[in-house]
Every structure is written in C-alpha cells, then in structure tokens.
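Working notes, beginning with the structure itself.
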Amino acid sequence: MQLFVEQLINGWALGSLYALFGIGFGLVFSTLGILNAAHGTYASWAAIAGYYAVERFGVPFPVAIAAGVIGGGLLAVVVDQIGFQPLRAKKTGMLGALITSIAFWIILDSLAGFATGQQSLAFPAASYPNQMVVMGPLRVPQMQIITIVALLVCTIGIHLLIQKTRIGAAMRAVGWNEVAAALGGVNARMVILLTAFLAGATSGLAGVLGGISTSNVSFTLGEGLMLKGFAAVVVGGYDDVRGTAIAGICLGIIEVFVAQYISTSFRDGFTYMLLLAFLIARPRGLFGSASFVRA
Amino acid sequence: METFLDLWAAYGSTVTFAMVNALFALSTYAVLSTGVLSFTTVVFAAVGGFLAAQLSGKFGLPLWAAFPAAALGGGFAAAVVAFAFLRLESHWMALASLALVLITRVTALNAPALTGGVNGLIVPVRVEPLELAILLALCTVVFWRLHRSWFGLASRAVREDAAVASTMGISPYRIQFIAFLISGVVGGLGGAALAFTLQFISPETYFIGIAFTMIASTVLGGSFHWLGPIIGAAVFTALPTTMQAIVPQIEDVAKGVVLLLIMIFLPRGLIDPRAWGLKKAAKLREETEAKRAAERDAHA
C-alpha cells in the first residue's frame, strides 16, 4: 500500500511536468493556430538558463526558477516575433508557421547542444530543496510537492485568466478570428505577445523543474517533454487547460504504474495506446469543445 | 567524364536521398493539395518499408515485385487512416496525424516479429540510383497528369474552399479520400525506396525526423504545384551538405537559418504558380498598355 501511494505521487509529479509543458503548447495552438515544433526547445533553454544562473552566480532556488521561467517566456516571444509575425500578414495559415517553427527547432536544439557541451548536466544537489517530507509512513521528495503545486497553481490561474478576465476573452477572440477580434477593439498584437510569453513561461517552468528532478539539463529534456506533453494535449483537448492538466497527470500515473506493475518495456506503449484510443473514440479530447470549426 | 565520376562519388548519396525525399514530399503534397495537413506519410512509409524489407529478405522477392507490394501496403494503410481521420476538423487532423507517427514507432518497437523490433532489419537488396530515378519519374508523370485532370481542378477547389466546392457538386470527402490513397501509395513506395537505399531499417528510421523533413521539403518547394515537392526535397537534402562545406562548425544552425529565411521571404515556396500567373498578367498588361499608347500616338 505504501509503495502504491508513493508510486502514485511519483506518477502525479511526473504527469504534472507533462501537463505544465502541454498547457503552453495547447495555448499557442488554440489561440495563435500554430503547431509549434520548437516548443520543446523552450523547456531545454529554460533549464539551461536556470542551470547557469545557479552555476555561475550561485543564485538561490526561487531565483533560478524565475530565470528559467522568464528566459523561456522571452525566448518564446523572440521566436514568435522573428519566425511567426512576418507570416501573419501573408496569410499562410498553419503551414508557414509550422515550417519556421521547425527551422527554430533545428537552430535552438543545435545551439542548446553547444551550450551544454553536448552532454547532460545536473543541478548541484545543494542548489534546490532535496529533502524528503515525511507524512506518516510516506516519504515524499520536496521537488515532487513543488512540481505538483506548480501545476495546480498554473492550471487554476490560466483557466481563470482565460475564462473570467477581459484579457482571456481577448485571447479567445483572437483564437477564433484575429481580424474580427481586431475589429471588435482587441489589440491583437498585445494578445499574441502575451500568449507567446505565457506559453514559453509555463514550458520554461516545466523545463527547470524537470531538469532539476530528472538531473538532465540538455536538449533531450525538451524532446522528452514534447512527446509526452503533446500526448497530454491530444487526450485532454487542446482548447482547455483543465483537460491538459488532468490528461497529463493521468498519463504520468499510468506510465509509472505500468513500469512498476507490468513491465518497463510497455511504459511508452501504454501512453500511446491510450492516445490511439482517444483519437478513435473521442477525437476532440476530454474537454475539447464540441463543434470547433473555423469558417 | 572523370570530373563527373568524382562529383558522383562526393554527392551521389545526396542525390539518391534527394530522390527518396522527393517521393516522401510528393506523398505529403498529395494530401496537402486538397487542404489536409497530415504527417501520416511516415506511417505509410513505415508500412511500405517494413513490408518490402520482409518480402525481399524472407521470401527473396526481387525489387520490381517488392515496390508494388509496398505501394499496395501503403495504400491500404492510407485507406484505414483516411476512414478514421477524415471526419476530424483540420486542426485536430494535424495533431492526430502527428500522434499516429508516435504510435507507429511504439507499435513497430513492440512487434519484433514483423519489424525486427529494437534491433531493426537488414535489407539484402539495394536499389540503384537509376532505378530510383525511373520510379520518381513515373510518379512525377502521374502527378503531372493528375494536376491537369478534373481531379486536380477539384482538389484545388476543395483546398481553397471546401464549402464552395461542395455547392458545385464536388464531394470534399471523396476528393480527400482519393488524395489519401495516392499519398499512401507514393508514401509506401518512398518507404521501400528508403529501405533499399539505407539497407538497414529500424523503428527509429520512420519517425519525427522524417515527418518534419517531408513537410519542410514540400512547403519549402511550394505546395501549389507538383514540381514544388521535388525541388523542395532537392534543396532541403542538399542544404546540410552545402552548409557543411561552407560553415562546418554550425551546419545545423545554418540549415535552420536558411529554411527560416526562405519561408519568411517566400512563404508560398520556391515554385509558386500564382506568382508566375501574376508576372504573366503584369507583362500582358504592360504590353497592351504600350500597344494602346502607341495607337493613341499614331492617331494623334
């Protein structure tokens, strides 16, 4: 029983990383209509930024996290302005931005390889909370609790932002139709910048937390998160952050349980079986809106 | 002749891979030209590739028999995929097809009897560049004929506006289904061609890398004309080689930057029939205006 609960928390923490990453990916896809292949590199670069902040300047843990989050957000804004903004005026739809995002993926991945010297770095053990929290018979690493709480805060915060505030309404309007939103008095440029930053920042957060808890700061970090975060977005429904969060947590728990109780070789297999089942049975995901058709 | 042989020794493999990538790009173009962004070419390529590898490896089938089998396999896979995915809205289609690529790799990894699993398969047969060129030429002729046929016209209509197309009696579902079948057949051929070129395939061969290569080739070359994917594949395949010659340390970065610049300045791709049309129209207008001006001068 104790093992079961511990593994449950393990899976939940792992799934929280997937979900945190997936939220940003889904946000960009639903609001800006961009299938962003470069999204994984934001996480890698955020982890690298956090790592060097600790390594070079010896900053405390919260500052390292902030460095990663802000770094990821700024990187996303830069990529958006260089790679996607010139194409918006030319009306190339999803296709043009997909190709420029592939270009950025190639560029940023390769640069990340240089930044880490083509190897996987690990945060020094003293630079983050690495104690165990004892709760009765359970011992849970502090980082897992931080990760789980981070996802809860981000999900609730972003859900409220999108559903309850004027900014959120503007974001949904731009997602529906940018020109119509602009006619309705929405500053589309600001909404685009804000969305890009928010998406980069959440995946940056996932990157730093993931880089710390898996002791892997390199370009492979982003790729791993990308594959699983993407699955979370498809299962959860890309236009709702709650769906992504729940699906991400479920995927993490399933992954850990399959590895623990069935076989480690089926670890990925189960995730993608679930993905396939959703694609066939409920293609719009857990919370996806029923008739989401762009005219 | 001597210099030609030297050049071939240096760049022969680039040309071969450019032809294989051209098949993949044509397969992606087949669905893209009816307005469907789909990464499933990788799936069809995997089906065709493993089928061809097994047939030639286990049953000793010759090349000319393995290719049609791969095409059939790819086409069949495409029918299944089209049946399941064509009811999805375009955004979901893109996501779902990408997800299917991930699923394909995991499936291939867990079916070692069919695919060799993690260890992969050694392919005993090799395809000569000339044979590959003939195959590509055949496919190109088909695409050229299709482009000028009723189907080509209908697919362009569906791509521009599916609702308008259906009011004119064209069924978007039917056109897109046929496009998927074509994509499957060409994708299967491409997968087999890749297997016979590399002579070793594993589940990692048919994965995200290839998906992004084919979509980038297609859009880079231009997705509005059948020549686009072929040119795009040639450019995209030659890019790393060229960049390695110019800036060896940062060849990947340079490749990305070139791709970025082409897309920003030529978002419709290198081959753009609309640009040709506009240029032609502008020239015609100039000529008529010049003629009119001349007539007016003559009257005056």
For this session: Can you pull a Stokes-Einstein diffusion coefficient for chain B at 4 °C (1.567 mPa s), Rh from Kirkwood over Cα pairs, as a whole number of µm²/s?
Result: 63
Seminar exercise, completed: Checked the range B:1-82 against the a/c 1.5 cut and the a/b vs b/c comparison, axes a ≥ b ≥ c from its Cα gyration tensor; verdict oblate
Exercise. Using alpha carbon centroids, what distance separates the range B:242-256 and the range B:1-48, in Å?
Worked result: 21
Exercise. Going by how many other Cβ atoms sit within 10 Å of their own, how do B:W276, B:W144 line up, fewest first?
Worked result: B:W276, B:W144
Problem set entry | Most mobile of B:Q244, B:Q199, B:Q176 in a GNM of chain B (Cα contacts under 10 Å) | B:Q244
Seminar exercise, completed: So, relative contact order of the range B:211-282 in percent, Cα under 8 Å, 6 or more apart, is 36
Problem set entry | chain B - percent relative contact order, Cα under 8 Å, separation 6 or more | 30
Problem set entry | Gyration tensor verdict on the range B:172-256 (Cα atoms; rounded if a/c is under 1.5, prolate if a/b is larger than b/c, oblate otherwise) | oblate
Seminar exercise, completed: The answer for the net charge of residues other than A:V79 whose Cβ lies under 15 angstrom from its Cβ, with Lys and Arg +1 and Asp and Glu -1, is -1
Problem set entry | Cross-link partners of B:K279 among lysines (Cα-Cα below 21 Å; sequence separation of 8 or more within a chain) | A:K90, A:K91, B:K291
Problem set entry | Ranked packing of B:266-273, A:74-81, most packed first, by mean Cβ within 10 Å | A:74-81, B:266-273
For this session: Grab the DSSP H runs of chain A that are 4 residues or longer, score each as -39,500 (n - 2.57), total them, divide by all residues and round the 222 nm result to the nearest 500 deg cm²/dmol.
Result: -24500 deg cm²/dmol
Exercise. What percent does the relative contact order of chain A come to when contacts are Cα pairs within less than 8 Å and at least six residues apart?
Worked result: 36
Seminar exercise, completed: With the dipole of the protein assembly as shown defined by +1 on each Lys or Arg Cβ and -1 on each Asp or Glu Cβ, the option from A:A67, A:T244, B:L109 whose Cα lies farthest towards the positive pole is A:T244
Exercise. Is the shape of the range B:1-138 best called rounded, prolate or oblate, per the rule: a/c under 1.5 gives rounded, else a/b larger than b/c gives prolate, else oblate, with a ≥ b ≥ c the square roots of the Cα gyration tensor eigenvalues?
Worked result: oblate
Seminar exercise, completed: Given a Förster distance of 25 Å, the FRET efficiency implied by the Cβ-Cβ spacing of A:A182 and B:S166, rounded to the nearest 0.05, works out to 0.25
For this session: Neighbouring Cβ atoms within 10 Å as the yardstick, rank A:H159, B:H225 fewest first.
Result: A:H159, B:H225
Exercise. Counting other C-beta atoms within 10 Å, which of B:D6, A:D268, B:D252 has the fewest, and how do the rest follow?
Worked result: B:D6, B:D252, A:D268
Problem set entry | Inter-chain shielding of A:87-93 (mean C-beta neighbours from other protein chains, 10 Å cut-off) | 3
Exercise. In peptide A:23-29, how many Cβ atoms from other protein chains are near each Cβ within 10 Å, on average?
Worked result: 1
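No value in this document is a laboratory result; all are computed from the given coordinates. Keep in mind the model is a prediction, meaning the values are calculated, not measured. Counting neighbours? That spans all protein chains shown, and the Cβs are built from the backbone with ideal geometry, glycine included.
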